[in-house]
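The values are calculated or read from the model by the stated rules, or taken from the named source; none is laboratory data. Since the model is a prediction, treat every value here as computed from it, not as a measurement. Glycine also receives a Cβ, built like all others from the backbone with ideal geometry; neighbour counts cover every protein chain displayed.
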């Protein structure tokens with residue numbers, strides 16, 4: 001499990017960010033004391049650091065250049081300062097990414113994931129499996145007992161989200177939001193159409209009743 | 001100073017001479033001096049006076065002309081007393097000192113208001129950065145506790161952060177040149193980011209969004225364009241009609257790349273259209289209770305002008321509006337390395 005350190009002085013943001021990150025499957029470390037942050041980082045040895053710029057004791061730029069003297073850990077600046085000077089500074093001092101508040105959480109998570117992937121490339125295969133049904137993300141196909149069906153972008157993403165939340169009820173609104181986060185702008189009606197088509201395709205390869213409709217709640221697999 | 005004006009000023013002097021001449025003639029006649037001699041004396045007297053006034057006029061004319069020239073070449077006219085030569089005439093010196101004193105206090109006043117304005121602007125920027133932290137916190141709280149209620153709150157939060165951005169960019173729009181970073185950006189990346197920032201607003205209002213053919217690369221500042229796109233999306237939502245639709249598409253022409261933002265909203269009447277980029281202009285749509293401020297498009301136009309991007313609007317009332325952004329194709333030579 002990847003360990004992420006949040007260096008941020010606003011308690012609510014700290015708290016909520018850690019909830020969000022834990023919910024996305026990361027372990028989180030939050031230093032409360034900013035006076036010897038460098039030691040904390042050395043002790044904790046995180047995989048990635050989220051760093052604010054305006055901090056008590058030492059600002060984020062100083063901390064960043066300090067970290068770079070002993071480690072190459074990926075650093076994302078998360079800040080409300082948004083002038084281009086700040087952005088330039090953060091890049092010059094060795095920051096890997098720069099996100100301004102208020103941020104879109106899906107973008108934040110996506111950037112974290114892509115940085116982690118780049119830094120600690122584990123030979124991850126783009127496959128997802130659930131009850132012998134396999135999703136091939138690269139080729140956008142679903143497989144069941146050697147039967148394949150081609151999926152459109154929308155259908156693939158719908159299945160990915162359902163697979164990720166297997167066993168839970170997925171509200172339609174969450175599903176639509178997930179699709180929007182993946183730049184597929186479909187509305188509620190289009191979602192129904194896509195689900196119907198997806199069920200047809202699954203039936204053709206021998207998977208019946210995978211996606212259940214929970215009345216007034218959403219879908220579930 | 002024209003000759004006539006100068007003569008007007010010299011009237012008391014001329015009258016004095018004429019009166020003296022009359023007195024002189026009376027006196028000379030009384031002591032039986034020959035009329036011819038009186039005539040010659042009067043004529044030479046008059047000639048001397050005219051000559052004197054003429055010379056004086058020439059000097060004054062040259063003196064003022066020089067000052068006016070100096071004034072003309074000055075960028076900030078109120079600095080004239082600082083660059084003017086010290087006059088030699090005593091009455092000029094008095095005026096000169098008055099001018100200097102008044103200008104000095106004026107310059108102080110100007111720099112004081114400039115300083116105050118700068119401080120206020122700094123405060124506004126600081127305030128905006130401070131207020132973004134609680135907005136981000138609220139957004140995270142909503143994100144972690146998703147329900148229909150928090151979705152509504154998030155849509156409102158998107159609006160708040162949009163207004164906050166508007167204030168920030170208004171404060172900054174004076175000196176865009178101090179804060180920009182030209183990068184190579186793909187149009188679709190900017191469009192998707194802007195849609196993402198307004199996700200809840202678009203979803204709550206059931207707006208269909210389509211992004212078509214936006215894979216062109218342009219050279220511009222991502223942040224400023226992001227703000228402009230946000231503004232255009234918010235407008236699209238605000239002035240929507242039934243079955244609202246928002247389409248982003250782009251095309252490449254010889255010297256520019258065009259990005260079109262098209263909606264099928266209520267449109268803009270032909271009489272309002274030429275003025276929509278004016279500051280404070282709200283038009284017919286604004287008067288029908290849609291909370292128009294007349295700031296948004298004005299800011300867009302201003303930022304576009306500073307970034308060298310063309311912005312124009314086409315609209316038919318009742319059918320929708322198309323805003324066109326045209327990015328110039330740079331003459332940059334790409335260096336592979």
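Going residue by residue through the range A:122-135, is there one that turns out to be within 14 Å of chain B (Cβ to nearest Cβ), modelled with pLDDT under 85 and more than 22 Å from the chain's Cα centre (by Cα)? No: the range A:122-135 contains no residue that is within 14 Å of chain B (Cβ to nearest Cβ), modelled with pLDDT under 85 and more than 22 Å from the chain's Cα centre (by Cα).
Among the residues of the range A:165-175, the ones that are out of contact with any strand residue (DSSP E or B) (no Cβ under 8 Å at 6 or more places or on another chain) and away from chain B (no Cβ under 14 Å) come to 0 in all.
Is it true that some residue in the range A:60-75 is within 14 Å of chain B (Cβ to nearest Cβ), surrounded by 18 or more Cβ atoms within 10 Å (Cβ to Cβ) and free of Cβ contacts under 8 Å to residues at least 60 places away in the same chain? Within the range A:60-75, one or more residues are within 14 Å of chain B (Cβ to nearest Cβ), surrounded by 18 or more Cβ atoms within 10 Å (Cβ to Cβ) and free of Cβ contacts under 8 Å to residues at least 60 places away in the same chain. Please indicate, with yes or no, whether at least one residue in the range A:203-218 is touching a residue at least 12 places away in the same chain (Cβ under 8 Å), in contact with a helix residue (DSSP H, G or I) (Cβ under 7 Å, 6 or more places away or on another chain) and closer than 27 Å to residue B:244 by Cα. Checked the range A:203-218: at least one residue is touching a residue at least 12 places away in the same chain (Cβ under 8 Å), in contact with a helix residue (DSSP H, G or I) (Cβ under 7 Å, 6 or more places away or on another chain) and closer than 27 Å to residue B:244 by Cα. Within the range A:21-54, the residues that satisfy the criterion of being in a helix (DSSP H, G or I), touching a strand residue (DSSP E or B) at 6+ places or on another chain (Cβ under 9 Å) and within 14 Å of another protein chain (Cβ to nearest Cβ) are A:21, A:22.
Summed over the range B:240-257, the residues that are in contact with a strand residue (DSSP E or B) (Cβ under 9 Å, 6 or more places away or on another chain) and surrounded by fewer than 19 Cβ atoms within 10 Å (Cβ to Cβ) give a count of 10. Only helices (runs of 4 or more DSSP H) whose full extent lies in the range B:121-236 are considered here, and the ones with at least 1 residues that are touching a strand residue (DSSP E or B) at 6+ places or on another chain (Cβ under 8 Å) and either within 11 Å of chain A (Cβ to nearest Cβ) or crowded, with 19+ Cβ neighbours inside 10 Å (or both) are B:187-197, B:199-204. Taking the residues in the range A:79-98 that are touching a helix residue (DSSP H, G or I) at 6+ places or on another chain (Cβ under 8 Å) and facing another protein chain (nearest Cβ under 10 Å) as candidates, determine which candidate is modelled with the highest pLDDT. So, considering only residues that are touching a helix residue (DSSP H, G or I) at 6+ places or on another chain (Cβ under 8 Å) and facing another protein chain (nearest Cβ under 10 Å), the one modelled with the highest pLDDT is A:79.
Over 28 Å from residue A:48 (Cα atoms) and more than 14 Å from every other protein chain (Cβ to nearest Cβ): is that true of residue A:151 in this structure? For residue A:151, the condition - over 28 Å from residue A:48 (Cα atoms) and more than 14 Å from every other protein chain (Cβ to nearest Cβ) - is met.
Listed here are the residues, each with its yes/no results for (1) assigned to a loop (DSSP other than H, G, I, E, B); (2) more than 29 Å from residue A:161 (Cβ to Cβ); (3) in the same structural domain as residue A:166 (by the TED database).
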{"residue": "A:78", "(1), (2), (3)": "no, no, no"}
{"residue": "A:102", "(1), (2), (3)": "yes, no, no"}
{"residue": "A:112", "(1), (2), (3)": "no, no, no"}
{"residue": "A:117", "(1), (2), (3)": "no, no, no"}
{"residue": "A:134", "(1), (2), (3)": "no, no, yes"}
